[in-house]
Each structure stands twice: as C-alpha cells, then as structure tokens.
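Trainee: The structure that follows is given in the form of structure tokens.
Read-outs throughout are calculated quantities, based only on the coordinates presented, and are distinct from any laboratory measurement. Fair warning: this is a prediction, and the values are worked out from it, not measured in the lab. Every residue, glycine as well, gets a Cβ built from its backbone with ideal geometry; the counts of neighbours run over all protein chains shown.
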Amino acid sequence: MAPVIATEEVTKVYSGDGVPVHALRGIDLIIERGEFTALVGPSGSGKTTFLNIISGLDTPTDGKVWLNGKFLSRMGGNALSDFRRDNIGFVFQAYNLIPVLTVEENIEYIMLLQKVPKSERHERVLAILEEVGLSGMASRNPPQLSGGQQQRVAIARAMVSQPAIILADEPTANLDSKIGADLLDMMYRLNTQTGMTFIFSTHDPMVMARARRLIMLKDGQIERDEVRSP
Amino acid sequence: MMLKIAFRNIFRQKRRTVLTALAMIVGFTLSSVFIGWSDGAYSDIISMFTRNRIGHIQVHHTGYLDKPSLYDVIDSYESIGEKIAGVEGVEAWTPRIYSAGLGSVGDKTMGVQIIGVDVGREVRATRFDQKITSGAIFSETAAREAILGVGLARILKADVGGKIVLVTQGTDGAIANDLYTIIGIAESGDKATDRMACYLHIDDAQDLLVLDGRVHEIAVLVEVLDRVPKITAAIEIQIDDTTLEVSPWQVVAKSFYRAMQADRQGDLIGRMIIMLIVAIGVLNTVLMSVLERTREYGVLKAMGTKPRQIFGVVVIEVAFIALGSIVIGALFGASLNYLLSIYGISLPQEFSYGGIVFQTMYAAVTVRSLAIPAVTVLVSAILVSLFPAIRAARIAPAAAMRAH
Ligand SMILES: Nc1ncnc2c1ncn2[C@@H]1O[C@H](COP(=O)(O)OP(=O)(O)OP(=O)(O)O)[C@@H](O)[C@H]1O
Ligand SMILES: [Mg+2]
C-alpha cells in the first residue's frame with residue numbers, strides 16, 4: 001500500500017518584504033499508515049510550514065507531495081478542498097473551535113459538508129465524545145469549556161469523519177503539561193485503536209517522549225529521523 | 001449550518017450589530033419619511049388641483065377635450081348626471097357650460113371665458129362658495145348676475161354692484177349680448193383662470209348661448225382619489241353612450257399630470273440617503289468582523305468549506321441584520337409618516353405649486369414609502385457586504401495554523 005505521505009525535494013521560499021526566507025530546503029520524507037510521529041525543532045525551523053504543505057493548505061515553491069496516494073500539486077481549488085475534507089483532520093494549537101457552534105455542531109461540521117445523514121451524524125458524535133471523555137457535553141458551547149476540553153473536542157472533530165491522517169500543530173502548547181500529557185496519551189490510544197496516522201509538531205519534551213517516531217527539523221532541513229520502540 | 005453560523009454571528013458583537021442595524025434603521029426611517037412626505041405633498045397637490053378645479057373625472061361630447069367647440073354638447077345632462085351619481089364611489093357631479101366672449105365694464109373691454117355653473121352642485125362638488133373673495137354667490141334662480149375672476153375684475157376695474165356687458169355668439173349663429181350685475185369676485189387659485197373667468201348662472205348661460213338645457217361638461221368628484229381609474233370605467237359602462245367621452249384627471253390635465261410624474265424625484269433622493277448611510281455604516285463594521293474572524297474562516301476552509309460558502313456566511317449575516325432593521329425601520333417610518341399625516345408640518349413660508357398655495361405639508365403612509373426603503377436597504381446592504389465577503393472567501397486556510 002502507498003504511504004500516507006510522501007514528499008520529494010520539497011522547498012519553500014517566502015518572499016516576505018524583499019528578503020527571501022528559505023523555510024524548507026529540500027525535504028524527502030515518507031510517512032506510513034498508522035504512524036504516531038512528532039515533528040520537532042527550534043522555532044522557525046519550518047514545522048508549521050511543512051504541515052501546511054503536506055496538507056495542501058499551502059503550496060511548496062518546489063518539490064512534490066503525495067497524500068494518500070494523490071499527487072497534491074495537480075489538484076486545484078474545489079478538488080483540493082474536498083480532498084482535505086475527506087482525508088485530513090486538523091488540530092490546531094489554539095483549538096480553533098467555532099465559538100458560535102455547540103460542541104456537537106463543531107464535531108458534525110465536516111460530516112455535514114460530506115452530507116452524512118443526520119441520525120448517523122448524531123450517533124457518531126456521541127460515540128467520539130465518549131472516546132475523548134466528554135460524554136454529556138454535546139450541547140455546551142466551546143467558550144464554556146477548559147482549554148484541555150476544547151482541545152479534546154478539536155481532536156474529536158478531526159477524527160469523527162475517519163480521515164487517513166490527523167495533523168496537529170503544537171496541540172499541547174496552550175495547555176498545562178499534565179493536561180498535555182493526558183491529551184497525548186489519549187491520542188496514542190486512539191492511534192492504536194483506529195490505526196489513523198497522527199503527525200504533530202511540538203517543542204515539548206514530554207510530548208516527544210510519547211512519539212513513536214521523531215523527525216527533527218533545523219533550518220528547513222531534516223536533521224535527524226529516528227524510530228523508537230515503545 | 002452556514003445559516004446557523006451566519007445567524008449566531010449576529011449576536012457575537014452586540015454593539016457592532018446594533019451600530020450596523022442603527023445605520024440601516026436610520027437610513028430606512030429617513031427615506032421612508034422622505035418618500036411618505038413627498039407622496040403626501042403630491043397627493044395634496046393633486047387633490048387640491050382636481051377638487052378645486054377640474055374635478056376628478058370629466059364627461060364631454062367625444063372630441064370636445066381635444067378641440068372644444070360650442071356645438072359639442074351633452075344632451076339631457078340631468079339624466080346622465082343621475083346615472084353618474086349612481087356609480088359607487090362618486091361623491092358629486094356638476095354641469096358646466098363654456099364659451100368665449102367679450103366683456104365690457106364701462107369703457108374697458110376684455111376677452112373673457114364665460115362659464116355657466118349650477119350653483120348648488122358646484123358648491124357641493126368644488127366648494128365654489130369658498131372661492132368668492134368678495135360679494136355674494138348666485139341665488140338659486142337665474143337673475144342676470146355675474147361673478148368675475150379676481151384678475152379679470154382688476155383689469156376691467158370692475159367692482160361688486162357694477163354691470164358687465166357680455167358679447168358672444170349663440171348656437172343659432174347670431175350675435176348674442178346681454179347685461180349682467182356683478183355680484184361677486186372669485187379666486188380659484190389659478191391666475192390664468194382668474195384673468196379670464198366670468199361665471200354665470202347656468203340658466204342665464206343657456207339663454208345667452210341658446211343651448212336649450214344642454215351643457216359642455218360634467219365634472220365628477222369621487223370619494224377616494226386612488227379609485228379614479230376604476231370609477232372612470234364604471235361611469236363609462238353606466239352611461240353607455242358612444243357620443244360621450246369619460247376622462248380621468250390624468251387625461252384632462254395631461255401636462256399637469258406629466259409634470260407631477262417628472263417631479264417625483266423624492267424617491268431617488270430617498271434611495272440615495274439610504275445607500276449612503278448604509279454604505280458608511282455597514283462597510284466598516286463588516287470589514288472589521290471579517291478581519292477579526294480571519295482565523296475562524298481559515299479553519300472552516302481548512303476543513304473543506306468552499307469559498308462561496310464562506311462568502312455566503314458573510315452576506316447572509318448582513319442580510320439578516322438588514323431584514324431586522326427593515327422591520328424596525330418600517331415601524332418607525334410608518335408611525336412617523338402617520339403622525340405627519342395627521343399633524344403635518346407648517347411651512348415657515350408659503351409655497352405654491354401649479355397655482356396652489358401650501359401652508360402645511362402632510363405626509364402619507366403609502367406602500368411605496370415602505371417598499372422602496374426596504375428594497376433599497378436590503379440591496380445596498382448586500383452590495384456593501386460583497387467586498388468584505390469576497391475578502392473572507394479568499395482567506396488562506398493556512399491562516400488557521402498561525403497561532404496569532
Ligand atoms: N507567511 C510567511 N511569510 C514569510 N515568512 C514566513 C511565513 N510563515 C513562516 N515564515 C518564516 O518561515 C520560517 C519557518 O516558519 P515556521 O512557522 O514554519 O516555523 P516553526 O517551526 O513552525 O516555528 P514555531 O516553532 O515558532 O511555530 C520562519 O523563519 C518564519 O519566519
Ligand atoms: Mg509553528
């Protein structure tokens with residue numbers, strides 16, 4: 001089976017204010033299905049840029065990206081948008097729940113875009129809420145939840161439509177380390193239960209400790225890539 | 001879901017929503033009053049013009065309106081009048097006789113328009129008694145009396161109690177003349193009419209012109225101005241006579257009617273007021289909220305929402321606010337117009353239009369005064385929101401990833 005993600009010589013140059021910034025300088029990477037991988041590196045090393053590019057949120061200056069066997073650069077506008085909807089779940093550092101929607105509405109949003117029938121949506125929301133330990137919170141509004149709870153909702157939202165891959169950019173950076181560790185443990189449990197691929201960037205040593213594979217970036221290049229046994 | 005988001009977004013920044021709505025409400029109300037007021041003024045002008053002078057509907061011998069002739073007469077006008085009176089919505093009718101002639105007072109002679117009126121009916125229909133500025137009105141039976149227009153009296157240096165000699169031609173072709181006592185002076189409000197008019201009792205006029213109980217015109221007054229077209233048609237059916245022509249005031253006073261139509265610029269001004277206020281009040285606030293929600297829209301896009309759906313969220317939110325504002329604005333506008341239609345506004349200075357003098361202007365609660373602002377508010381709000389909506393639709397989904 002094809003790897004979930006494959007990149008070839010991916011470079012990214014930002015041309016901010018005249019001075020070009022080389023955010024990525026040739027990344028070759030293969031990520032297999034079911035990995036639980038951390039992307040680490042100092043600030044400005046290109047982690048966010050790389051996540052944006054492999055998810056089709058941003059385009060590389062040069063190089064090739066395949067996601068779930070699809071060649072991303074050939075996809076335009078709406079097709080890419082549908083592809084993201086069906087294949088990638090996003091978790092953000094700032095949770096980024098839609099504040100005017102309830103927990104349930106936030107989680108069912110993607111299924112709504114996918115036109116999943118109402119009863120099935122409801123069932124799946126309840127099931128995933130139980131998985132992330134938030135049963136009974138379906139009708140709450142995000143601002144009424146703690147940061148850790150909001151991030152759990154965000155993970156539920158990313159996972160509920162069963163995408164091939166979950167991308168999380170510093171998912172624990174806004175959380176206490178205890179709550180962050182719990183969240184990571186939960187993500188790992190879901191990873192082993194569902195076989196979904198998780199890729200997350202982090203600065204946090206505690207988070208790194210839980211990763212199965214560590215990819216270290218520095219100045220837009222892969223400095224080290226190590227697989228660890230559990 | 002997009003509707004839900006748009007709707008709930010309204011309540012997020014209450015102050016901003018209130019400000020946006022306020023702009024639309026103020027715009028709506030102002031222009032509603034503007035249009036209601038100009039509608040009121042125009043219907044006042046029209047109703048004075050028709051009520052005091054030409055009547056709402058006129059009946060003539062066919063062709064008389066285009067080319068008035070002494071010989072184009074209405075026979076047995078009494079029975080036609082009875083038929084007209086039977087039509088629903090008709091308030092009054094009055095017969096008239098017209099002829100050109102010469103009038104002499106002392107050594108002064110002027111061209112005059114001889115107007116024969118049925119005094120009782122004319123008073124009921126056009127309040128002829130109120131036009132008499134000095135002297136008296138005709139008595140019921142003919143007594144060789146004349147009432148002069150105020151301008152004519154001045155030119156002829158005539159006064160109440162004096163005598164006037166009228167010379168004209170009768171329908172028998174012979175020259176007709178007679179002597180009348182001037183019993184009153186009348187002011188119709190129209191200077192041109194007042195310079196020419198010499199009113200006679202209808203029987204005297206028939207005698208002078210040898211008309212034998214016939215008249216040139218029947219003027220009809222209706223109860224509700226807006227129903228003139230319907231009543232015109234009903235009268236036509238009722239009298240059922242192809243030698244007669246029934247014309248609404250719009251046809252009788254063609255040039256007046258056209259001038260009124262052309263003058264209706266109140267609508268345009270009303271619309272521009274709204275557009276301006278809405279544009280100023282809405283553009284900024286919508287742009288601000290789009291900017292503030294950049295990350296949120298970015299998240300929606302990252303998750304697979306299409307640009308046009310984001311576009312819709314922004315436009316629909318504005319449309320919701322606009323609809324709410326229209327409801328509130330309609331309440332304000334209608335009640336203000338209603339108050340102004342009862343109390344009116346006294347003008348600091350009289351002004352006259354088409355020879356009619358106004359001192360107090362009244363507004364009117366019309367459908368137009370609500371419909372035009374409503375459509376304009378909605379359309380301009382949506383137009384103004386297009387630009388921010390396009391910006392929102394174009395937000396890069398990567399914006400969602402950036403923490404700040
Ligand atoms: N939109 C942009 N325009 C210009 N330069 C950018 C832009 N986004 C990122 N960069 C630059 O690209 C480089 C890599 O940034 P990136 O955000 O990918 O780093 P990061 O590893 O995620 O850092 P952090 O740990 O602080 O989140 C940095 O030098 C950054 O300043
Ligand atoms: Mg980053």
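Trainee: Helix by helix, which DSSP H runs in chain B go 30 Å or more along their axis at the Cα atoms and have an average Kyte-Doolittle hydropathy of -1.0 or more?
Mentor: B:14-49, B:266-292, B:307-343, B:367-393
Trainee: Starting with the highest mean, order B:338-346, B:314-322 by the number of other Cβ atoms within 10 Å, averaged over the residues of each peptide.
Mentor: B:314-322, B:338-346
Trainee: Same structure, new question: Which whole number of Å³ per residue matches the convex hull of the alpha-carbon atoms in the range B:192-312?
Mentor: Measuring per residue, one finds 235 Å³ for the Cα hull of the range B:192-312.
Trainee: Sticking with this structure for a sec: Is there a simple number for the mean count of other chain Cβ atoms within 10 Å of the Cβ of residues in B:292-304, and what is it?
Mentor: 6
Trainee: Now, a different point. Once the Cα gyration tensor of chain B is found, what semi-axes does its equivalent ellipsoid get, as square roots of 5 times the eigenvalues, in whole Å, sorted largest first?
Mentor: Listed largest to smallest, the semi-axes of chain B are 65, 21, 15 Å.
Trainee: Given the options A:A164, A:A79, A:A156, state which has the largest fluctuation in a GNM of chain A using a 10 Å cut-off (strictly under) for Cα springs.
Mentor: Result: A:A79 has the largest fluctuation of those listed.
Trainee: Just need the relative contact order of the range B:93-210 here, percent rounded to a whole number, with Cα pairs under 8 Å and 6+ apart.
Mentor: This gives 35 percent for the range B:93-210.
Trainee: Sticking with this one: Picking from A:T37, A:T11, A:T194, which is most flexible by a Gaussian network model of chain A using Cα springs under 10 Å?
Mentor: A:T194
Trainee: Then there is this: Rank by packing, highest mean first: peptides B:252-260, B:193-201, A:128-136, with packing defined as the count of other Cβ atoms within 10 Å averaged across residues.
Mentor: B:193-201, A:128-136, B:252-260
Trainee: Can you list the GluC sites (Glu not before Pro) in the range B:67-121 that are in a DSSP coil and have 14 or fewer other beta carbons within 10 angstrom?
Mentor: When the GluC sites (Glu not before Pro) of the range B:67-121 are filtered for loop state and at most 14 Cβ neighbours within 10 Å, B:E88 remain.
Trainee: Rounded to whole Hz and in sequence order, give me ³J(HN,Hα) for the range A:27-35 from the Karplus expression 6.51 cos²θ - 1.76 cosθ + 1.60, θ = phi - 60°, writing x for Gly and Pro.
Mentor: Once θ is set to phi - 60°, the couplings for the range A:27-35 become 9, 10, 8, 10, 10, 8, 4, x, 5 Hz.
Trainee: Got the relative contact order for the range B:183-332 handy, in percent, Cα pairs under 8 Å and 6 or more residues apart?
Mentor: 8 percent
Trainee: Give me, ordered by chain and number, the residues 5 or more places off A:V21 or on other chains with an amide H under 5 Å from its own placed amide H.
Mentor: A:Y14, A:S15, A:G16
Trainee: Also: Tell me, what does the Kirkwood hydrodynamic radius of chain A come to in angstroms if you use every pair of distinct C-alpha atoms?
Mentor: One over the average 1/r among Cα pairs gives 18.1 Å for chain A.
Trainee: Leaving out same-chain residues fewer than 8 places away, which lysines sit with a Cα under 21 Å from that of A:K64?
Mentor: A:K12, A:K47, A:K218
Trainee: If you count, for every residue in B:279-286, the Cβ atoms of partner chains within 10 Å of its Cβ, what is the mean?
Mentor: Going residue by residue through B:279-286 and averaging, the value is 0.
Trainee: Please give the average number of partner chain Cβ atoms lying within 10 Å of the Cβ of each residue in A:77-88, rounded to a whole number.
Mentor: Mean partner shielding for this stretch: 3.
Trainee: What value in Å³ per residue do you get for the convex hull of the alpha-carbon atoms in the range A:1-43?
Mentor: 84 Å³
Trainee: Restricting to DSSP loop positions (anything but H, G, I, E, B) with no more than 13 other Cβ atoms inside 10 Å of their own Cβ, which trypsin sites (Lys or Arg not before Pro) remain in the range A:129-230?
Mentor: In loop regions of the range A:129-230 (DSSP not H, G, I, E or B), the sparsely surrounded trypsin sites (Lys or Arg not before Pro) are A:R228.
Trainee: With unit charges on the beta carbon (Lys/Arg positive, Asp/Glu negative), name the residue among B:M110, B:A100, B:I183 whose Cα is farthest towards the positive pole of the charge dipole of the range B:63-241.
Mentor: Value: B:M110.
Trainee: Select from the range B:30-123 those chymotrypsin sites (Phe, Trp or Tyr not before Pro) which occupy a DSSP coil region and have at most 13 other Cβ atoms within 10 Å, ordered by residue number.
Mentor: Hits after loop and neighbour filter: B:Y71.
Trainee: Rounded to the nearest 500, what is the protein assembly as shown's calculated 222 nm mean residue ellipticity when only DSSP H runs of at least 4 contribute -39500 (n - 2.57) each, over all residues?
Mentor: So the helix-based figure for the protein assembly as shown works out to -14500 deg cm²/dmol.
Trainee: For the protein assembly as shown, what's the radius of gyration and Dmax over Cα atoms, in angstrom?
Mentor: Final numbers for Rg and Dmax: 42.5, 132 Å.
Trainee: Another question, if that's okay. Looking only at B:L102, B:L300, B:L70, which one moves most when chain B is put into a Gaussian network model with springs between Cα atoms under 10 Å?
Mentor: Among B:L102, B:L300, B:L70, the largest GNM mean-square fluctuation belongs to B:L300.
Trainee: Ordered by residue, what ³J(HN,Hα) values in Hz, to whole numbers, does the range A:174-181 give under the Karplus form 6.51 cos²θ - 1.76 cosθ + 1.60, where θ = phi - 60° and Gly and Pro are x?
Mentor: 9, 10, 4, 5, 5, 5, x, 5
Trainee: Mind counting lysine pairs for me in the range B:63-241? Cα separation below 26 Å, and the two need to be 8 or more apart along the chain or on different chains.
Mentor: 13
Trainee: Please compute the contact order of the range A:41-112 in relative form: average sequence separation of alpha-carbon pairs under 8 Å and at least six residues apart, divided by the residue count, as a percent.
Mentor: Relative CO of the range A:41-112 lands at 17 percent.
Trainee: Right, another one. Give me the Kirkwood hydrodynamic radius of the range A:123-230 in Å, from all C-alpha pairs, to one decimal place?
Mentor: It is 14.8 Å.
Trainee: How large is ³J(HN,Hα), in whole Hz, for each residue of the range A:59-75 in order, when computed from phi with the Karplus curve 6.51 cos²θ - 1.76 cosθ + 1.60 and θ = phi - 60°, using x for Gly and Pro?
Mentor: Ordered by residue, 3J(HN,Hα) equals 10, x, 5, 8, x, 10, 10, 10, 10, 6, x, 9, 7, 5, 5, 7, 8 Hz.
Trainee: Would you please put B:124-135, A:52-63 in order of how densely packed they are, using the mean number of other Cβ atoms within 10 angstrom per residue and starting with the highest?
Mentor: A:52-63, B:124-135
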